[in-house]
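Enquirer: A single structure is presented below for examination.
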Amino acid sequence: MRTIAGVLVVVSTLVGGCAKAQPLTDVAASLTTLPMPSGAEVAPSVSGAAVESCDATASLRPSSEPEPTVDAIRRRGRVVVGIDQNSNPLSFRDPVTGELEGFLVDLSREIVRDLVGDPGKADFRLVSEPDRIPAVQNKTVDILTKATTITCPRAEQIAFSTVYFEGSQRLLVPRGSPVRGPADLAGKRICSGLATTSIATVARVAPAATILGVPNLDDCLVALQQGQADAASTDDVLLAGMVAQDPNLEIVGPPLEAEPYGIGINKAQDDLVRAVNASLNRIRDDGTWVVLYRKWLSALGPPPTPPEPKYRD
């Protein structure tokens, strides 16, 4: 904001001659009147996150035995994968090559390798936060690898694989911000993703804050940069990606909520759930998971032990 303001003042001085330059404070304030990100909602209707009432992270035991769903996918020769392009470093579009990259892109290809024998047969389909669950339910995608936290309400709508990544929800603020944790959020505007667990957690831990809901999480980065939000809140791995794009931001405060990620699959396709879990076991056991973590998530620190799978059968 200082750079933009400075440029405007210089231009005003050169063009206006003796005209009085516009004060820096006025220019900076005007930036907050920039248009909101497309699809953004101020103070959307959100209920505070409920305490989990089930063990939704327990999945079906792995199996490599061919079954109807897996057989059909193999005959088709490709796997339709639901993902997004706005979640650096998990899944994003490289600005130079235009290709999808990230931890989840590579993880998806490893699963596709095990399902159809060729990682290049991943047919990526972009899905938004609100559209991801319906995409699984109506079988628009075979598997949903877009970052999705396993919760009890979601487990009633779709099936999940075992947990492949464990994150935690945190806060992102401009460096030097007085916001250091949830106690400082009263009266502030907090950006978070619509139809996410994060926005519900914000409503619970900061009931006196104003929530700015956006359809794509990278819109929170823009909102922070334009002064349209005082803080953003989502999973720590996604916030780390925003910091990588703008070092004038920092992650603060304690974890607000655990975020166990799972791969979403249609509830009628148990055989695909088992096959995906078999693939995840291979990815954990042969060191692939650690390789992918080091490649994409090193900003979070040294690779932890991959999440231990849990089963309900």
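Enquirer: Within the group LEU280, LEU224, which residue is at pLDDT 95 or above and more than 19 Å from ASN88 (Cβ to Cβ)?
Expert: None of the other options fit; the residue is LEU280.
Enquirer: For region 65-79, enumerate the residues that are surrounded by fewer than 18 Cβ atoms within 10 Å (Cβ to Cβ) and either in contact with a helix residue (DSSP H, G or I) (Cβ under 7 Å, 6 or more places away or on another chain) or among the β-branched types (Val, Ile, Thr) (or both).
Expert: The answer is GLU67, PRO68, ARG74, GLY77, ARG78.
Enquirer: Any idea which of ASP236, ASP219 is within 23 Å of PRO89 (Cβ to Cβ), buried (at least 24 other Cβ atoms within 10 Å of the Cβ) and among the acidic types (Asp, Glu)? Even if it seems obvious, please write down each step before you answer.
Expert: Working: ASP236 fails: buried (at least 24 other Cβ atoms within 10 Å of the Cβ).
Answer to the check: ASP219.
Enquirer: Follow-up question, since we're still on this one. Which count do you get for residues in region 105-120 that are in contact with a strand residue (DSSP E or B) (Cβ under 6 Å, 6 or more places away or on another chain) and either within 22 Å of ASP94 (Cα to Cα) or acidic (Asp, Glu) (or both)?
Expert: Looking only at that region, the number is 4.
Enquirer: Same structure, new question: Sort out which residues of region 91-108 are among the hydrophobic types (A, V, I, L, M, F, W, C), over 17 Å from GLY167 (Cα atoms) and surrounded by 12 or more Cβ atoms within 10 Å (Cβ to Cβ), and write them in order of number.
Expert: Result: PHE92, LEU100, VAL105.
Enquirer: Here is a further query. Which one is nearest to GLY287 (Cα to Cα), of the residues in region 110-141 that are among the small types (Gly, Ala, Ser) and assigned to a helix (DSSP H, G or I)? Explain how you work it out, then say what you get.
Expert: So the first thing to find is which residues in region 110-141 are among the small types (Gly, Ala, Ser), and the list is 117, 120, 122, 128, 135.
Applying the additional criterion that residues be assigned to a helix (DSSP H, G or I) yields 120, 135.
On the way: GLY120: 20, ALA135: 31 Å.
Ranking the candidates gives GLY120 first.
Enquirer: Another one. Determine which member of the set SER198, SER128, SER161 is surrounded by fewer than 23 Cβ atoms within 10 Å (Cβ to Cβ) and in contact (Cβ under 8 Å) with a residue 24 or more places away in the chain.
Expert: Criteria check complete, one pass: SER128.
Enquirer: Can I ask one more? Cβ contacts < 6 Å: first residue closer than 21 Å to THR140 by Cα, restricted to region 78-106; second residue assigned to a loop (DSSP other than H, G, I, E, B) and of a type in the set (Asp, Glu), any location; separation 6+ or different chain. Result?
Expert: Listed by first residue and then by second, the contacts come to VAL79/ASP142; VAL80/ASP142; SER91/ASP84.
Enquirer: Okay, moving on. Residues in region 273-297 that are hydroxyl-bearing (Ser, Thr, Tyr) and either surrounded by 20 or more Cβ atoms within 10 Å (Cβ to Cβ) or outside the structural domain of PHE103 (by TED's automatic domain parsing) (or both): how many?
Expert: 1
Rundown of residues vs (1) touching a residue at least 40 places away in the same chain (Cβ under 8 Å); (2) in a strand (DSSP E or B); (3) within 22 Å of SER128 (Cβ to Cβ); (4) outside the structural domain of PHE103 (by TED's automatic domain parsing), yes/no style:
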position	(1), (2), (3), (4)
ALA208	no, no, no, yes
GLY213	yes, yes, yes, yes
ASN216	yes, no, yes, yes
ASP219	yes, no, yes, yes
VAL222	yes, no, yes, yes
GLN228	yes, no, yes, yes
SER233	yes, yes, yes, yes
LEU239	yes, no, yes, yes
MET242	yes, no, yes, yes
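Enquirer: Among the candidates ALA203, ALA258, which residue alone is at pLDDT below 95, more than 22 Å from GLU101 (Cα to Cα), more than 15 Å from the chain's Cα centre (by Cα) and outside any loop (DSSP other than H, G, I, E, B)?
Expert: ALA203
The values are calculated or read from the model by the stated rules, or taken from the named source; none is laboratory data. A quick note: this is a predicted structure, and the numbers were derived from the prediction, not measured. All Cβ positions, glycine included, derive from the backbone under ideal geometry; neighbour counts span all protein chains shown.
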